[in-house]
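Asker: Dumping the structure here so I can ask a few things about it.
Throughout, read-outs are computed from the coordinates displayed, never taken from laboratory work. Bear in mind that the values here come from a model prediction, so they are computed numbers and not experimental data. Here Cβ is always computed from backbone atoms with ideal geometry, including for glycine, and neighbour counts include all displayed protein chains.
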Amino acid sequence: MPNDNIAVSVQSLVKKFGDFTAVNNVNFEVKQGEVFGFLGPNGAGKSTTIRMLCGIISPTSGTGTVGGYDIVREQHKIKEHIGYMSQKFSLYDDLTVEENIDFYSGIYKIPRAERKERTEEVIRLADIEGFRNRLTRTISGGWKQRLALGCALLHHPKIIFLDEPTSGVDPITRANFWKIIKELSDKGVTVFVTTHYMDEAENCNRMVMIYHGEMIAMGTPEQMKTEIMKNEILEVVMPSAENWLDKISGLASVKETALFGVNLHVVTHDAQKAGLDIKNLLEAEGIKNYSIAKIKASLEDVFVSLIETYDEEHKEK
Amino acid sequence: MNFKRIWAISSKEFIQIKRDPRSLALAIVIPVLLLIIFGYGLSLDIDRVRTVVWNQDASSELTRNFLLNFKYSKYFKITRYTDNYRDIEHMIDSGEVMMALVIPKDFSHYLESGKKAPLQLLVDGSDSNTATIAAGYVRAVVAKYNVELLTQAFAAHGYTLPKPVDMRSRIWFNPGLNSRWYIIPGVIAMIIMIIAALLTSICISREWERGTMEQLISTPVKPPELVIGKFLPYFAIGFFDLFVAVVMARTVFGVPFQGSYLLLILLSVFFLTGALSQGILISASSKTQLLASQLATLTTFIPTMLLSGFIYPIFNMPQAVQAITYLIPARYYIVILRGLFLKGNGMDVMWDEALFLVLFAFLMFSIAIRKFKKKVF
């Protein structure tokens, strides 16, 4: 291994399906023990990238390593050292929970002597003791996801790839998932996770944002919200804010306005000027009980603003 | 290749078969059903040909004696007597009878006065094969009657007729010429081909359809491990079916088994391997269970039924079709099964068929693994 600290590294990764470019020139490195987020809307190329990293499909061009093994030439080696949980539930519905675990124990060649212990470990980790003899078909989505995670961890992989592990899962299971991810990372396991829930992305050490197969940003959550975010956000609290959406958007200093709950989030290049403009507008209309405050951008704000910048740039072309 | 992985796949597959009543039924009920349908339903023997008789000369004892030759033959069954052509026509039209015998009113008179006595036979030719055979039976009965008449006539004048050719036939292997003995080994080949190809074709496309293949191909499992792991349970089912079929053939249908059971097992291993591999090849070429099972039926059931010599003798086929039959593995297996069941053949006369089966097995197996590798990994 060239560098013991690097778990995943890709250079100029490209995947084409016919004329369609699913992943376009992606570069990044993931350090060992990191929780690395791969963020993007549906169809951005997240799953395609993960499948290339797991050795399920080969890239059209570009190079990369996972756990020190080449993603083109050493796919088989990679598969021995990683865990993968696909977006769609892909264990056997007609097997019981325990039979599924048994099956993957066999596939990963876990020695007989250790099997029982590993099985118990997975059942404890996924908290599925009560379901172990139930047919997988009969348990609900959240429990299936826990089982899938358990099976992906059965062989103690050094790197684990989770493709939208929390989509369609209840909030309690989601929180639980992130707790497990944190624990794994503390033990030195590298976690590569895709999601389109921006609130979850806060849990990542570092992340990449991907859109139309292209990387549009990379950094820590903090960097995303400060260095990468070019715009500023003002929160306007006022009665029936929804009626003022168009008027505030019409101001020259305002880039965009969106409703967040009952409040307005105003995106602008210059928070000071925009704040003043909004104040003047509201007072001219005779509104008294309002407040304007500059707030820190959330990851969602960052992502929306990056996507808009991307779309504008590509419209011009 | 790792035995632990192969075993994990096989055990999983066994559990799935156990839990899926449809594939279990397919594996156990279908062979029994096919044997019963073909064993009882498909008989190539033509006997008890339904016949209507119009004896216009019924008052004569001679005609009544003549008819006894038909009445006591197992090949005919006189179902009705009539006295007009309208009835005969109707009965042949409706399929109530296969043929009609009409004895004219001067029949005994002509015979006694030494003139040629005409006899009319009407046969339903819409089933030409049966019609030819039935008419042949009648011809044989009449020829025998003629010889008797001549012998009597000569004897009346004090002469003895020179003995005509006396053919003594001995039918080997199937002295009763029971067509069931000929059909059952073919049914066994068909059952194994269909069950093997059909079950395996479903077992892999099911993994695609349900998305379970996605997880499986992210593990270090290798194509030969997966193929062999899938193989074993169906191999066991195939042998179970063979066992059931052979036992049924022996007990229910009374087909003798003259050959070596060891040879039967050995050669069946190759046939089964080829058939299972064919199913896997089909699976690798289609990602839905429906398409796979249709392809499996199309490429196993129909060729095995029509082109293997199961029912229709290969030497009767046009040259071009005969050439195709060399590609049908059941062709060789059926020859082997008939040889083992009826003739008690050994490898000395079956080595060429056995060689083709071995070739088929290895070819299919390696193509299946290669195709699977390309498609998945």
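Asker: Using Cβ contacts closer than 10 Å as the measure, can you line up A:D199, B:D348 from fewest to most?
Answerer: Placing the least packed residue first, the sequence is B:D348, A:D199.
Asker: Hey, another quick one. Quick one: which residues, 5 or more positions from A:I57 or on another chain, have an amide H under 5 Å from its amide H? H modelled 1.01 Å from N in the peptide plane, none for Pro or chain starts.
Answerer: A:M52
Asker: A follow-up question, please. Given only helices, namely DSSP H runs of n ≥ 4 each adding -39500 (n - 2.57), what is the per-residue ellipticity at 222 nm of chain A, to the nearest 500 deg cm²/dmol?
Answerer: -10500 deg cm²/dmol
Asker: Hey, got the dipole for chain B? About the Cα centre, +1 on K and R Cβ, -1 on D and E Cβ, debye to the nearest 20?
Answerer: In debye, rounded to 20, chain B gives about 1320.
Asker: Output the 0 to 90 degree angle, nearest 10, between the alpha-carbon long axis of helix A:141-153 and the longest principal axis computed from the alpha carbons of chain A.
Answerer: Helix A:141-153 sits at roughly 60 degrees to that axis.
Asker: Towards the positive end of the charge dipole of chain B, with charges on Cβ (+1 Lys, Arg; -1 Asp, Glu), say which of B:P256, B:A361, B:I92 has the farthest Cα.
Answerer: Of the options given, the answer is B:A361.
Asker: Note the angle between two axes, namely the Cα long axis of helix A:112-126 and the longest principal axis of the Cα atoms of chain A, as a number of degrees from 0 to 90, rounded to the nearest 10.
Answerer: Orientation of helix A:112-126: about 20 degrees from the principal axis.
Asker: Okay, moving on. What FRET efficiency do you get for B:L298 and A:Y310 if R0 is 35 Å and r is their Cβ-Cβ distance, rounded to the nearest 0.05?
Answerer: 0.10
Asker: On to the next question. Within 10 Å of each Cβ of A:85-93, how many other protein chain Cβ atoms are there on average?
Answerer: Across the residues of A:85-93, the mean count of other-chain Cβ atoms within 10 Å is 5.
Asker: Shifting gears a bit: Which shape class applies to the range A:232-296: rounded if a/c is under 1.5, otherwise prolate when a/b exceeds b/c and oblate if not, where a ≥ b ≥ c are the square roots of the Cα gyration tensor eigenvalues?
Answerer: rounded
Asker: Here's something else I'd like to know. How about the range A:179-252: which GluC sites (Glu not before Pro) there lie in a loop by DSSP and see at most 16 other Cβ atoms within 10 Å?
Answerer: Those that pass, being in a loop and sparsely packed, are A:E202.
Asker: Further, regarding this structure: Once the Cα atoms of helix A:271-284 and of chain A are each reduced to a long axis, what angle between those two axes, in degrees from 0 to 90 to the nearest 10, is obtained?
Answerer: 50
Asker: Residue by residue, what Karplus-based ³J(HN,Hα) values in Hz, rounded to whole numbers, does the range B:347-352 have, using 6.51, -1.76 and 1.60 with θ = phi - 60° and x for Gly and Pro?
Answerer: For the range B:347-352, the Karplus curve yields 4, 4, 9, 10, 4, 5 Hz.
Asker: Follow-up. Write down the radius of gyration of the protein assembly as shown and its Dmax, each obtained from C-alpha positions, in Å.
Answerer: Here Rg and the maximum Cα pair distance are 40.5, 148 Å.
Asker: Next question. Looking at the P(r) of the range B:231-331, how many percent of alpha-carbon pairs lie beyond 24 Å?
Answerer: 36
Asker: P(r) for the range A:1-158, please, calculated from all Cα pair distances in 5 Å bins and given in %.
Answerer: Computed distribution, short to long bins: 2, 8, 16, 18, 17, 15, 13, 8, 3, 0, 0.
Asker: Dipole of the range B:258-377, Cα-centred, from +1 at each Lys and Arg C-beta and -1 at each Asp and Glu C-beta, to the nearest 20 debye?
Answerer: 580
Asker: Out of the range A:279-311, which GluC sites (Glu not before Pro) are coil in DSSP terms and have no more than 13 other C-beta atoms within 10 Å?
Answerer: A:E285
Asker: Going by a ≥ b ≥ c, the root eigenvalues of the Cα gyration tensor, does chain A fall in the rounded group (a/c under 1.5), the prolate group (a/b larger than b/c) or the oblate group?
Answerer: Prolate, because a/c is 1.5 or more and a/b exceeds b/c.
Asker: Below 12 angstrom from the Cβ of A:N263, what's the summed charge of the other residues (Lys, Arg +1; Asp, Glu -1)?
Answerer: Charge balance near A:N263 sits at -2.
Asker: What does the charge count near A:G275 come to, summing +1 for each Lys or Arg and -1 for each Asp or Glu among other residues with Cβ under 12 Å from its Cβ?
Answerer: Summing Lys and Arg as +1 and Asp and Glu as -1 gives -1.
Asker: Using modelled amide H (1.01 Å from N, peptide plane; none on Pro or chain starts), what sits under 5 Å from the amide H of A:T96, excluding residues fewer than 5 places away?
Answerer: A:T136
Asker: Assigning unit charges at the beta carbon (Lys, Arg +1; Asp, Glu -1) and nothing else, what dipole magnitude in debye, to the nearest 20, does the range B:127-200 show about its Cα centre?
Answerer: Roughly 180 debye for the range B:127-200.
Asker: Right, here's the next one. Quick check on chain B: helices-only [θ] at 222 nm, where DSSP H runs of length 4 and up contribute -39,500 (n - 2.57) each and the sum goes over total residues. Nearest 500, please.
Answerer: So the calculated ellipticity at 222 nm is -21000 deg cm²/dmol.
Asker: Using 7 Å Cα-to-Cβ label points, what is the B:R64/A:A258 separation (nm, one decimal)?
Answerer: 10.9
Asker: If each residue's Cβ is checked for other Cβ atoms within 10 Å, how do A:T309, B:T160 rank with the fewest at the top?
Answerer: B:T160, A:T309
Asker: Residues with beta-carbon under 9 Å from that of B:R50, excluding B:R50: net charge, scoring Lys, Arg +1 and Asp, Glu -1?
Answerer: With Lys, Arg at +1 and Asp, Glu at -1, the neighbours total +2.
Asker: Now a separate question. How about the range B:1-104: which trypsin sites (Lys or Arg not before Pro) there lie in a loop by DSSP and see at most 15 other Cβ atoms within 10 Å?
Answerer: The qualifying sites are B:R48, B:K74.
Asker: Given the pairs A:K158/B:K287; A:K273/A:K315; A:K116/A:K187, which are separated by over 26 angstrom at their Cα positions?
Answerer: Exceeds cut-off: A:K158/B:K287; A:K273/A:K315.
Asker: What ranking do B:T273, A:T119, B:T151 get, fewest neighbouring Cβ atoms within 10 angstrom at the top?
Answerer: Result, fewest neighbours first: B:T151, A:T119, B:T273.
Asker: Moving on to the next point. According to a simple spin-label model (label point 7 Å from Cα along Cα-to-Cβ), what is the distance in nm between B:F154 and A:T138?
Answerer: In this crude label model, A:T138 to B:F154 measures out at 8.8 nm.
Asker: Percent of Cα-Cα pairs per 5 Å bin, from 0 to the last occupied bin, for the range B:41-195, please list those.
Answerer: Once binned at 5 Å, the Cα pair distances of the range B:41-195 give 2, 7, 14, 16, 16, 13, 11, 9, 6, 3, 2, 1, 1, 0, 0.
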